[in-house]
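Below you'll find the structure, written out as structure tokens, and then a few comments.
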Amino acid sequence: MEFGFDARTVELRERLLAFMDSHVYPAEKIFADQVAEAATSGDVWHRPAVIDELKAQARQRGLWNLFLTVRTHSNGADQAGQIAASYGAGLTNLQYAPLAEITGRSGALAPEALNCAAPDTGNMELLAEFGSAEQIERWLLPLLDGEIRSAFCMTEPDVASSDAMNISTRIQRDGDVYVINGRKWWSSGGMDPRCKLLIVMGKSNPDAERHRQQSMICVPPDTPGVNVKRSMRVFGFTDSTHGGHAEIEFNDVRVPAANLIAGEGEGFAIAQARLGPGRIHHCMRLIGMAERALEAMCVRATNRVAFGKPIAEQGVVQNWIAESRVRIEQARLLVLKTAWLMDTVGNKGAHTEIQAIKIAVPAMAEWVIDKAIQAHGAGGISQDFPLAQAWASARSLRFADGPDEVHKRSLARRELAKYRA
């Protein structure tokens with residue numbers, strides 16, 4: 001395994017670092033002010049103008065759709081590969097990893113500025129791999145151009161959605177349409193006024209084999225019967241930069257049969273294909289978030305004096321700093337190994353490592369950010385520093401794309417299978 005940067009990665013990394021310094025970091029205060037102004041006016045979902053300005057600058061610099069990697073070992077590689085080559089940067093996962101880490105340093109701005117923000121990234125990969133020509137034309141291309149946003153509707157309030165078999169939303173065929181009934185929540189992106197696509201997972205055949213009961217379907221949010229009930233808050237934050245997280249009711253929602261993705265019974269397989277890359281993208285960005293938190297902790301510890309000396313000279317603070325560096329380096333190496341495996345043996349071949357990073361990296365970032373908050377004192381939990389929202393983001397990612405316990409269960413079963421055989 002060789003994790004050194006190749007020439008393409010070095011060039012893009014330098015370009016991205018320069019863009020972060022010249023545009024993204026200076027825009028953070030402007031963004032916060034515009035968000036606060038919108039909230040004061042009562043329009044919390046108003047799109048801050050600075051985001052569109054950043055997107056235009058990023059696109060001009062060729063920093064666009066970097067996430068859309070060329071995957072030679074995935075199902076549907078021909079269609080997905082052609083789209084990646086035409087609309088992405090043609091990177092591998094290993095090339096994209098250090099770039100995603102950089103964007104994670106400003107998670108509220110940089111990912112969307114580069115059109116690399118969740119949940120759109122996962123939805124774009126899904127449509128690129130499994131979408132029909134009509135679905136690609138109607139939804140994927142506008143998403144790739146950054147003209148619209150989307151939401152992914154999988155989790156439900158009435159069942160333990162960590163077991164996808166529990167999903168109860170119904171997708172039933174009625175002639176040339178499908179009728180959808182059910183309730184979803186934590187539908188990321190669903191509150192954004194620019195959201196023009198809901199990808200909904202539900203049961204199309206409850207009597208089929210367990211992994212063939214589910215399907216996925218494209219639903220325009222303005223379809224009659226779609227009712228966005230409320231925004232779900234994350235530790236009090238609206239997560240407006242993600243387009244919020246919506247609770248949505250589907251009451252006899254009728255959409256054309258052509259909106260079904262791939263075919264009946266393919267929902268579970270599509271979900272697994274979608275979540276794999278999403279998990280590694282989250283982990284890549286979390287490493288950047290943890291790096292920035294560690295930098296903030298070191299600066300704060302150096303400049304704050306308590307009991308007659310800088311708190312950086314306190315043994316407990318030095319322990320936090322040293323432990324943070326160790327944990328970040330360990331996590332980065334595991335993520336790079338996972339990216340390398342995804343490129344060389346495919347997502348299925350990297351399944352163990354994908355689960356491992358999903359367990360380890362959010363916990364690492366949560367720990368590092370927590371210590372940075374502690375070093376900042378009361379300021380660490382205030383709006384004057386980005387740490388509180390960063391901690392909330394890291395903590396919530398221990399649920400997103402599957403909770404820790406599900407990944408540990410699956411990982412343990414894989415290990416045990418070696419001995420049971």
Exercise for review: Could you pull out every one of the lysines with an alpha carbon less than 18 Å from that of LYS55, ignoring same-chain neighbours closer than 8 positions?
Suggested key: LYS29
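Please compute the net charge surrounding LYS358, taking Lys and Arg as +1 and Asp and Glu as -1 over other residues with Cβ under 11 Å from its Cβ. If you can, show how the numbers build up before the last one.
Numbers: positive: ARG279, ARG398, LYS408; negative: GLU353, ASP401, ASP404.
Cβ neighbours under 11 Å give a net charge of 0.
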Practice item. Have a look at THR169, THR352, THR40 and tell me which one the Gaussian network model of the chain (Cα, springs below 10 Å) gives the largest fluctuation. Key: THR40
Check your understanding: By a straight-distance test (C-alpha under 20 Å), which lysines pair with LYS371 as possible cross-link partners, with residues fewer than eight away in the same chain excluded?
Key -> LYS309
Practice item. Binning at 10 Å from 0, report for the stretch 273-343 what percent of all alpha-carbon pair distances ends up in each bin. Key: 18, 38, 23, 15, 6, 1
Check your understanding: Counting alpha carbon pairs within less than 8 Å and at least 6 residues apart, what relative contact order, in whole percent, applies to the stretch 43-173?
Key -> 22
Study note, to complete from the structure: Comparing SER393, SER188, SER410 in a Gaussian network model of the chain (Cα, 10 Å), the one with the largest mean-square fluctuation is SER410
Point to revise | Rough spin-label spacing in nm, given labels placed 7 Å along Cα→Cβ, for ARG15 and GLN314 | key: 4.5
Exercise for review: Calculate the translational D of the stretch 371-421 in whole µm² s⁻¹ from Stokes-Einstein, where the hydrodynamic radius comes from the Kirkwood formula applied to all Cα pairs, the temperature is 37 °C and the viscosity 0.692 mPa s.
Suggested key: 245
**Study point:** Net charge of neighbours whose Cβ lies under 11 Å from the Cβ of GLY402, counting Lys and Arg as +1 and Asp and Glu as -1
**Key:** +1
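Excluding PRO157 itself, what net charge comes from residues whose Cβ is under 13 Å from its Cβ, given Lys and Arg +1 and Asp and Glu -1? Please list the in-between numbers first.
Numbers: positive: ARG183, LYS184, LYS229, ARG230; negative: GLU156, ASP158, GLU247, GLU249.
So the environment of PRO157 carries a net charge of 0.
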Study note, to complete from the structure: For the stretch 151-264, Rg(Cα) over 2.2 N^0.38 Å is 1.03
Exercise for review: Would you please give the FRET efficiency between ASP43 and ARG420, computed as 1/(1 + (r/R0)^6) with r the Cβ-Cβ distance and R0 = 45 Å, to the nearest 0.05?
Suggested key: 0.20
Check your understanding: Which value results when the Cα radius of gyration for the chain is divided by 2.2 N^0.38 Å?
Key -> 0.98
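Taking 10 °C and 1.306 mPa s as the conditions, I'd like the Stokes-Einstein D for the stretch 7-147 in µm²/s, using the Kirkwood hydrodynamic radius from alpha carbon pairs. Mind showing how you got there, number by number?
Numbers: Rh = 15.8 Å.
Calculated translational D: 100 µm²/s.
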Practice item. Read phi for every residue in the stretch 279-286 and hand back ³J(HN,Hα) as whole Hz from Karplus 6.51 cos²θ - 1.76 cosθ + 1.60, θ = phi - 60°, with x for Gly and Pro. Key: 5, 6, 4, 4, 5, 4, 5, 4
**Study point:** Theoretical ellipticity at 222 nm over the chain - DSSP helices of four or more residues, -39500 (n - 2.57) apiece, nearest 500
**Key:** -16000 deg cm²/dmol
Exercise for review: Treating the angle as unsigned and between 0 and 90°, give the value, to the nearest 10°, between the Cα long axis of helix 387-396 and the longest Cα principal axis of the chain.
Suggested key: 40
Point to revise | ³J(HN,Hα), Karplus 6.51/-1.76/1.60, whole Hz, each residue of the stretch 34-50, x for Gly, Pro | key: 5, 5, 5, 5, 5, 5, 5, 7, x, 10, 5, 9, 4, 7, x, 4, 5
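ASP33 to GLN82: extension gain in nm, 0.36 nm per residue of separation minus the Cα-Cα distance? Walk me through the numbers before you get to the answer.
On the way: separation 49, 0.36 × 49 = 17.64 nm, distance 4.06 nm.
Between ASP33 and GLN82, full extension yields 13.6 nm more.
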Revision key, fill the gap. Restricting to aspartates and glutamates and to Cα separations under 12 Å from LYS196, and discarding same-chain partners fewer than 8 apart, the set is ASP120, GLU147, ASP222
Revision key, fill the gap. One quarter of the C-alpha convex hull surface, i.e. the mean projected area of the stretch 268-420 in nm², amounts to 10.5
Point to revise | Residue exposure sequence - LEU114, LEU91, LEU333 - by fewest surrounding Cβ within 10 Å | key: LEU333, LEU91, LEU114
Check your understanding: Taking the Cα-to-Cβ direction at PHE237 and at ALA269 and moving 7 Å from each Cα, how far apart do the two end points lie in nm?
Key -> 3.7
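Values quoted throughout were computed directly from the atomic coordinates according to the rules given, and no laboratory measurement underlies them. Given the structure is predicted, the values throughout are model-derived calculations rather than measurements. Note: ideal-geometry Cβ built from the backbone for every residue, glycine included; neighbour counts use all protein chains shown.
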